[in-house]
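All remarks here apply to the structure that follows.
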Amino acid sequence: MTKVLLVLFLIFVLFPISTSFSQKIDTTQTLGIVLTSNSPFNYKDADGTTVVLGEVSNTKSYPVSGVKVWVGFYDNNGEKPLETTVGTTILEVIPPFGKSPYMIKSPSPNAAITSVSVNLLGFSSSPEKKSLLSFDLDTLKIGEKLSLSGKITNNGKVNSTNTKIYLISYDPFTPPRVLGIATTVIDEPIKVGGTRDFNFDVPHDTRATNFKIVAESKDYSSGLIDVKKTTGDIKSSLVTINDISITDLEGNRLGNLTVNSPVNIESELTIKYSPSQKPEVQPYVFYIQIKQSGEKAFVEYIGKAEGSFNSNGEQLTMVQWTPQQDGLYFIETFVWDPNSIPLASKGPISLVLVN
């Protein structure tokens, strides 16, 4: 018998909490574990607590456990955290060169929290959990809910006890951010060579485009597995992202930017229907992703603007950004429909220097 525990509910607001205070650190040489994104997704839960979702990567050639993730929760002033807490990853043991998501909540509900900071504190070496749990998965069905059925098999030499299965949702950015984690618990031991059925039927965050599944028990694990999904129609030839310009709030074009000075990032979008197509209202979501220049390319900011086309023609769309730190950044642009289906190929990349 399986018991499905819904860990994450549908999130309605795209980026309700700023991550401008996220720590930009490189712990590869010192700790051997790194955050895959320094702008983790975070939101207010139904009870008012702030939930932070992210992922940790083990860069070592041996398994690690006891990973400690520190989170600070800030108000608009951002000088001192209102609350702090330390959490860990959903997997007890992260295999060599493997990854594990984490989900950490604020200690109490607090409406004043508007931003978060994340940092890694350390880890311990660990005995290996061999990858002896395997999946036989159906295709993930995507609608208002995510529906996935499958079988899990114990290929080990002892019963698999305390077996948990996690379905993880990611957005399409690079690096991808964790948007949701759902959990299924197998209550009874899976005998040696035995197989158990399981299923997920959980709310779907429409921004999620990639999905992985992983299982872990007292003695074994499966490793992160990509989940095949039903695909929608790709309309990437419908819209073109023509250029990117940066202006101050008065509309003057800028070269270099200044820390803490808000700017508008504008792009011209063009839609062109084929002669056989009848023009119709086409809603869109325009995204910008701003990354630090460098080997790690940490994500500094993600923003969006919504609009719609009614006929062939051009539209000017705009997202506002306030740089928080100096450095060289590059700006990426995307246009999708409200169901996260691409309407355009990835747009041009723009480099900008912040002083």
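The values are calculated or read from the model by the stated rules, or taken from the named source; none is laboratory data. None of the values given here were measured: they were computed from a predicted structure. Glycine gets a Cβ as well: all are built from the backbone with ideal geometry, and neighbour counts include every protein chain shown. Accessible surface areas use protein heavy atoms only, side chains included; no ligands, DNA or RNA. Shrake-Rupley method; radii C 1.70, N 1.55, O 1.52, S 1.80 Å.
Hey, can you tell me all the residues within segment 301-323 that are assigned to a loop (DSSP other than H, G, I, E, B) and over 21 Å from Thr174 (Cβ atoms)? Of everything in segment 301-323, those that are assigned to a loop (DSSP other than H, G, I, E, B) and over 21 Å from Thr174 (Cβ atoms) turn out to be Asn310, Ser311, Asn312, Thr322.
Given the condition farther than 19 Å from Pro172 by Cα and either assigned to a loop (DSSP other than H, G, I, E, B) or not hydroxyl-bearing (Ser, Thr, Tyr) (or both), answer yes or no: does some residue in segment 334-344 qualify?
No, that holds for no residue.
Scanning segment 206-240 for residues being at pLDDT 90 or above and more than 19 Å from the chain's Cα centre (by Cα) gives a total of 8. Evaluate segment 134-154: report whether one residue or more is closer than 30 Å to Asp75 by Cβ and modelled with pLDDT under 95. Checked segment 134-154: no residue is closer than 30 Å to Asp75 by Cβ and modelled with pLDDT under 95.
Let's see how each residue does on (1) open to solvent by 30 Å² or more (accessible area, probe 1.4 Å); (2) in a strand (DSSP E or B); (3) in contact with a Phe, Trp or Tyr (Cβ under 7 Å, 6 or more places away or on another chain); (4) not charged (D, E, K, R):
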position: Thr183; (1), (2), (3), (4): no, yes, yes, yes
position: Glu188; (1), (2), (3), (4): yes, no, no, no
position: Gly193; (1), (2), (3), (4): yes, no, no, yes
position: Arg196; (1), (2), (3), (4): yes, yes, no, no
position: Asp201; (1), (2), (3), (4): yes, yes, no, no
position: Ala215; (1), (2), (3), (4): no, yes, no, yes
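Taking each residue of segment 109-121 that is in a loop (DSSP other than H, G, I, E, B) and looking for partners that are aliphatic (A, V, I, L, M) and open to solvent by 40 Å² or more (accessible area, probe 1.4 Å) with beta-carbon atoms closer than 7 Å, six or more apart or interchain, yields Asn110/Leu82; Ala112/Leu82; Ile113/Leu82.
Of the listed requirements (1) within 19 Å of Lys304 (Cα to Cα); (2) open to solvent by 20 Å² or more (accessible area, probe 1.4 Å); (3) modelled with pLDDT under 85, Pro283 misses just one: (3).
Restricting Ser147, Ser124 to those that are within 21 Å of Pro63 (Cβ to Cβ), in a strand (DSSP E or B), touching a strand residue (DSSP E or B) at 6+ places or on another chain (Cβ under 7 Å) and small (Gly, Ala, Ser) reduces the list to Ser124. Please verify whether Phe123 is aromatic (Phe, Trp, Tyr), over 16 Å from Thr184 (Cα atoms) and either crowded, with 20+ Cβ neighbours inside 10 Å or touching a helix residue (DSSP H, G or I) at 6+ places or on another chain (Cβ under 9 Å) (or both), treating the condition exactly as stated. So Phe123 fits the description; yes.
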